[in-house]
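Asks: Before I ask anything, let me first share the structure, which is written out below as structure tokens.
The values are calculated or read from the model by the stated rules, or taken from the named source; none is laboratory data. Remember, it's a predicted structure, so these values are computed and weren't measured experimentally. Methodologically, a virtual Cβ is constructed for each residue, glycine included, from the backbone with ideal geometry; neighbour enumeration extends over all protein chains shown. SASA here: full protein model, heavy atoms, side chains in, ligands and nucleic acids out. Shrake-Rupley method; radii C 1.70, N 1.55, O 1.52, S 1.80 Å.
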Amino acid sequence: MTPRERLAALGIQLPAPAEPKGAYFPSRLFGDQLWISGTTSRRPAEPGAFGTVGEDVTPEQAHAHAGYAALNLIAAIDAAVGLHAVRGLVHLRGYVRATTQFDRHPAVIDGASTVLMDVFGAECGAHARTAVGVASLPGGACVELELVASVRP
């Protein structure tokens, strides 16, 4: 199945690609690598989850919002080169705004990894990953993601 067919089978409609909120580009193609700028879970109908995981955002809520943020990454890929051009996902970096006691950052970012694997399939969607905790994120978001994908020229 293609990524678009998988999206349809999952009943997922991609959001419009997010507009930059500063002096940067949503993505940068360099050789066969497409670097996607950081994105949160904001969507047209909902601004996304704001707050701190372990304080006013539950790990389950953050996990779901990591999945929404992954859809924003996929929308950025589609806008830049089209989903058909993706040869493989290289690296996902996830930032979790959390209390100093919170230590389940990987479980939160699993929400994004699962969506990426579901949409791109096991072979293409497999990726290396980093999940880190941070004190703050833009706009007070609880999760932010960035992605590097290998694409066809």
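Asks: On the basis of being free of Cβ contacts under 8 Å to residues at least 40 places away in the same chain and touching a helix residue (DSSP H, G or I) at 6+ places or on another chain (Cβ under 9 Å), does GLU19 make the cut?
Replies: When the stated conditions are applied, GLU19 does not pass them.
Asks: Output yes when any residue across the stretch 48-62 is touching a Cys at 6+ places or on another chain (Cβ under 7 Å), over 19 Å from LEU116 (Cβ atoms) and open to solvent by 70 Å² or more (accessible area, probe 1.4 Å), and no when none is.
Replies: Looking for residues that are touching a Cys at 6+ places or on another chain (Cβ under 7 Å), over 19 Å from LEU116 (Cβ atoms) and open to solvent by 70 Å² or more (accessible area, probe 1.4 Å), one finds at least one in the stretch 48-62, hence yes.
Asks: Return yes or no: is ALA69 outside any loop (DSSP other than H, G, I, E, B), out of contact with any Phe, Trp or Tyr (no Cβ under 8 Å at 6 or more places or on another chain), open to solvent by 70 Å² or more (accessible area, probe 1.4 Å) and aliphatic (A, V, I, L, M)?
Replies: no
Asks: Continuing with the same structure: Check ALA80 against each of (1) crowded, with 18+ Cβ neighbours inside 10 Å; (2) touching a His at 6+ places or on another chain (Cβ under 9 Å); (3) small (Gly, Ala, Ser); (4) touching a residue at least 40 places away in the same chain (Cβ under 8 Å) and name the one condition it does not meet.
Replies: It is condition (2) that ALA80 fails.
Asks: Take the stretch 108-153 and flag every residue that is touching a residue at least 40 places away in the same chain (Cβ under 8 Å), open to solvent by 50 Å² or more (accessible area, probe 1.4 Å) and over 20 Å from PRO26 (Cα atoms).
Replies: The answer is ASP110, THR114, ASP118.
Asks: Give the number of residues within the stretch 1-43 that are within 17 Å of GLY121 (Cβ to Cβ) and not in a loop (DSSP other than H, G, I, E, B).
Replies: 8
Asks: For GLY11, indicate whether it is free of Cβ contacts under 8 Å to residues at least 40 places away in the same chain and either of a type outside the set (Ser, Thr, Tyr) or under 24 Å from ARG152 (Cβ atoms) (or both).
Replies: The answer is yes for GLY11.
Asks: From the list GLY139, GLY94, GLY133, which residue is touching a Phe, Trp or Tyr at 6+ places or on another chain (Cβ under 8 Å) and modelled with pLDDT of 95 or more?
Replies: Of the residues listed, the single one that is touching a Phe, Trp or Tyr at 6+ places or on another chain (Cβ under 8 Å) and modelled with pLDDT of 95 or more is GLY133.
Asks: Do you know which residues across the stretch 107-141 are under 23 Å from GLN13 (Cα atoms) and part of a loop (DSSP other than H, G, I, E, B)?
Replies: If the condition is that a residue be under 23 Å from GLN13 (Cα atoms) and part of a loop (DSSP other than H, G, I, E, B), then ALA126, HIS127 are the ones that fit.
Asks: Kindly list the number of the only condition in (1) without any contact (Cβ under 8 Å) to a residue 40 or more places away in the chain; (2) open to solvent by 90 Å² or more (accessible area, probe 1.4 Å); (3) farther than 17 Å from ARG93 by Cβ that fails for TYR24.
Replies: The number of the failed condition is (3).
Asks: Next question, about the same structure. Answer yes or no as to whether LEU92 is open to solvent by less than 30 Å² (accessible area, probe 1.4 Å) and in a strand (DSSP E or B).
Replies: In short, yes.
Asks: It is to be established whether one or more residues within the stretch 95-106 are part of a helix (DSSP H, G or I) and under 19 Å from PRO138 (Cα atoms).
Replies: yes
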